[in-house]
1. Please work out which one of (1) more than 9 Å from the ligand (Cβ to nearest atom); (2) without any contact (Cβ under 8 Å) to a residue 40 or more places away in the chain; (3) surrounded by fewer than 19 Cβ atoms within 10 Å (Cβ to Cβ) is the condition Ser84 fails and give its number.
2. State whether one or more residues within the range 95-107 are closer than 19 Å to Ile129 by Cβ, surrounded by fewer than 19 Cβ atoms within 10 Å (Cβ to Cβ), at pLDDT 95 or above and among the charged types (D, E, K, R).
3. Among the residues of the range 61-80, is any modelled with pLDDT of 95 or more, of a type outside the set (S, T, N, Q), crowded, with 18+ Cβ neighbours inside 10 Å and under 22 Å from Ser125 (Cβ atoms)?
4. Just to be sure I understand, how many residues within the range 1-46 are of a type in the set (S, T, N, Q), farther than 23 Å from Thr85 by Cα, within 11 Å of the ligand (Cβ to nearest atom) and outside any helix (DSSP H, G or I)?
5. Can you work out which of the residues in the range 47-67 that are of a type in the set (D, E, K, R) and assigned to a helix (DSSP H, G or I) is farthest from the ligand (Cβ to nearest atom)?
6. Of everything in the range 35-76, what is over 14 Å from the mean Cα position of the chain (by Cα) and at positive phi? Give them in sequence order.
7. Test Asp110 against the criterion of being buried (at least 19 other Cβ atoms within 10 Å of the Cβ) and at negative phi, and give yes or no.
Amino acid sequence: MPIRAVVYASEVAEGLSIEHLQSLVADAARFNRVAGVTGVLLHDGVRFVQYFEGPEDGVASVYERVLQSSSHTGLVELARGRVSTRQFPYWSMQQLPADQLLVGRLARADWSRFKISEPENIAGSVWGIDVLAAAVAPHVQAA
Ligand SMILES: Cc1cc2nc3c(=O)[nH]c(=O)nc-3n(C[C@H](O)[C@H](O)[C@H](O)COP(=O)(O)O)c2cc1C
């Protein structure tokens with residue numbers, strides 16, 4: 001079954017509270033579990049970068065919900081495409097702590113390649129997918 005993936009950056013809507021964000025992520029994780037979608041959400045207080053992947057119909061319905069959400073604005077799609085296997089299968093959706101440097105790097109990175117590099121090539125890589133993989137790795141080991 002082909003796996004589709006989407007990654008985007010957006011800006012937090014004005015006045016979004018921590019409580020609202022927490023319930024949004026819990027709601028997202030519930031929906032994604034049913035849709036067979038997995039991924040990660042990075043949030044630095046100002047911006048979001050989210051990556052999600054799964055079957056085509058699941059990804060399409062999640063993306064529709066994301067696009068409809070009034071909790072963020074200025075969504076910019078960084079990449080959308082096919083991946084041969086799931087690259088972030090760990091959580092149906094998980095918010096990870098991120099600073100502005102990391103979110104900025106992700107938002108500006110080159111996403112024209114969607115496959116994580118070999119482990120020895122990830123450090124210092126210019127590909128967005130590798131920057132994301134390096135940011136996610138410590139949380140996977142801790143989980
Ligand atoms: C940054 C962000 C990420 C989201 N991620 C998902 C997701 O992975 N899956 C999903 O079903 N909905 C996702 N949503 C939608 C929310 O779960 C929720 O349905 C929506 O925010 C509710 O509408 P509202 O934001 O207009 O109150 C996301 C929304 C935002 C702002």
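1. Answer for Ser84: the failing condition is (2).
2. Checking the range 95-107: at least one residue is closer than 19 Å to Ile129 by Cβ, surrounded by fewer than 19 Cβ atoms within 10 Å (Cβ to Cβ), at pLDDT 95 or above and among the charged types (D, E, K, R).
3. yes
4. Total satisfying the criteria: 1.
5. Ranking the qualifying residues of the range 47-67, first place goes to Glu56.
6. Answer for the range 35-76, where residues must be over 14 Å from the mean Cα position of the chain (by Cα) and at positive phi: Gly36, Gly45, Gly74.
7. Spelling it out, it is not the case that Asp110 is buried (at least 19 other Cβ atoms within 10 Å of the Cβ) and at negative phi.
The values are calculated or read from the model by the stated rules, or taken from the named source; none is laboratory data. These figures come from a predicted structure and were not determined experimentally. Because the Cβ atoms are built from the backbone with ideal geometry, glycine has one as well, and the counts that use them run over all protein chains shown.
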